[in-house]
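Peer 1: Below is the structure I would like to discuss, written out as structure tokens.
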Amino acid sequence: MPTIEPPPSRWSFPDPAVAGEGDVVGVGGDLEPGTILAAYRQGIFPMPLEGALAWWSPALRGILPLDGLRVSRSLRRSLGRFEVRVDTAFAEVIAACADRRRRGGWISKPIRHAYVGLHDLGWAHSVEAWATDDGQLAGGLYGLAIGGFFAGESMFYRRTDASKVALVHLVGLLRDAGATLLDVQWVTPHLASLGAREVERDRYLQLLAEAVTLPLPGPFERAAVGWRR
């Protein structure tokens, strides 16, 4: 899927390198594609905060090293229970991630609309795990890719290990394409068990600057419907 560069944002962001110890670096602005892409390229991402649109750059950023994914025996056995596809059900994946019945749900309607728009422009992507026994969407994840950088936004599952299987395939896809940075925002116990770790903001910004400028066509441009590793 080729990417289409949107018009530039009319907003500017503070430099996260001098943002201090807090995770929020700005409030307000808009969710236009150009604004969101400009934010990610600077190490910032949008997430609502108490009803307002906030822009975050965590002082301790979660990343998942592409050579550090931990795949347990049980997860390895689960890999055969799902067919993995890329970008065949983006709207359904983000809707499942945004389900308000989920604990800690933060994805608002404006966020959903914005990322569907980024998907239409070729920047946002879904990795989906479909059950092999009945063909139903069992889990998945979505995020945003720029060059050798992927920002994982959210995951969901309806069957055990389905979201983890999608993550395993995402890591393989990124690694095969020569990507260098998988951002997971914050490290939760769940992500830590899979190999995620924290880096200080300054180090993250260095890794990001290298990743977004890689001369790659984008790891998802070769991802076909029904792709399976």
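Peer 1: If I go through segment 13-46 residue by residue, how many of them are more than 24 Å from His125 (Cβ to Cβ), small (Gly, Ala, Ser) and touching a helix residue (DSSP H, G or I) at 6+ places or on another chain (Cβ under 8 Å)?
Peer 2: 2
Peer 1: Can I ask one more? Being without any contact (Cβ under 8 Å) to a residue 60 or more places away in the chain and under 26 Å from Arg61 (Cα atoms) narrows it down to one residue among Ser154, Ser108, Ser163; which is it?
Peer 2: Exactly one residue qualifies, and that residue is Ser163.
Peer 1: Inside segment 25-54, can you point out the residues that are farther than 21 Å from Val116 by Cβ and either touching a Leu at 6+ places or on another chain (Cβ under 9 Å) or not hydrophobic (A, V, I, L, M, F, W, C) (or both)? Spell out the reasoning first.
Peer 2: At the first step, the residues of segment 25-54 found to be farther than 21 Å from Val116 by Cβ are 25-28, 42-43, 49-52.
Within segment 25-54, Gly26, Val27, Gly28, Gln42, Gly43, Glu50, Gly51 meet the criteria.
Peer 1: Pairs under 6 Å by beta carbon, first residue surrounded by 14 or more Cβ atoms within 10 Å (Cβ to Cβ) and β-branched (Val, Ile, Thr) in segment 203-229, partner in a loop (DSSP other than H, G, I, E, B) and at pLDDT 55 or above, six or more apart or different chains?
Peer 2: Val212/Gly147
Peer 1: While we're looking at this one, here's another question. Return yes when Arg85 is of a type in the set (D, E, K, R), more than 26 Å from Leu31 (Cα to Cα), surrounded by 16 or more Cβ atoms within 10 Å (Cβ to Cβ) and assigned by TED's automatic domain parsing to the domain that holds Thr188 and no when it is not.
Peer 2: Against the criterion (of a type in the set (D, E, K, R), more than 26 Å from Leu31 (Cα to Cα), surrounded by 16 or more Cβ atoms within 10 Å (Cβ to Cβ) and assigned by TED's automatic domain parsing to the domain that holds Thr188), Arg85 qualifies.
Peer 1: Looking at the structure I just gave you, is Ala38 touching a residue at least 12 places away in the same chain (Cβ under 8 Å) and assigned to a helix (DSSP H, G or I)? Break it down stepwise before answering.
Peer 2: Working: touching a residue at least 12 places away in the same chain (Cβ under 8 Å): yes; assigned to a helix (DSSP H, G or I): yes.
Yes; evaluated as a whole, the condition is true for this residue.
Peer 1: Something else now. Could you check, for segment 80-88, whether at least one of its residues is touching a helix residue (DSSP H, G or I) at 6+ places or on another chain (Cβ under 6 Å) and modelled with pLDDT of 95 or more?
Peer 2: yes
Peer 1: Under the condition of being in a loop (DSSP other than H, G, I, E, B) and within 16 Å of the chain's Cα centre (by Cα), which residue from segment 197-220 is modelled with the lowest pLDDT?
Peer 2: Gly218
Peer 1: Just to be sure I understand the filter: pairs with C-beta atoms under 8 Å, separated by 6 or more residues or on different chains, first member in segment 174-189 and farther than 18 Å from Ala59 by Cβ, second member among the charged types (D, E, K, R). Which pairs pass?
Peer 2: That search, which allows pairs on different chains as well, returns Arg175/Asp67; Ala177/Arg222; Thr180/Glu210.
Peer 1: Could you tell me which of the residues Leu144, Leu181, Leu194 is surrounded by 17 or more Cβ atoms within 10 Å (Cβ to Cβ), closer than 13 Å to Leu69 by Cβ and at pLDDT 95 or above?
Peer 2: After applying the criteria, what remains is Leu194.
Peer 1: Given the criteria assigned by TED's automatic domain parsing to the domain that holds Arg197, surrounded by 21 or more Cβ atoms within 10 Å (Cβ to Cβ) and within 16 Å of the chain's Cα centre (by Cα), does His119 qualify?
Peer 2: Judged against the criteria, His119 is not a match.
Peer 1: Moving on. So which of Ala177, Ala138, Ala98, Ala196 is hydrophobic (A, V, I, L, M, F, W, C) and in contact with a Phe, Trp or Tyr (Cβ under 7 Å, 6 or more places away or on another chain)?
Peer 2: Ala138
The values are calculated or read from the model by the stated rules, or taken from the named source; none is laboratory data. Note that this is a predicted model, so its numbers are computed, not measured. Positions of Cβ are generated from backbone atoms using ideal geometry, with glycine treated the same way; all protein chains shown enter the neighbour counts.
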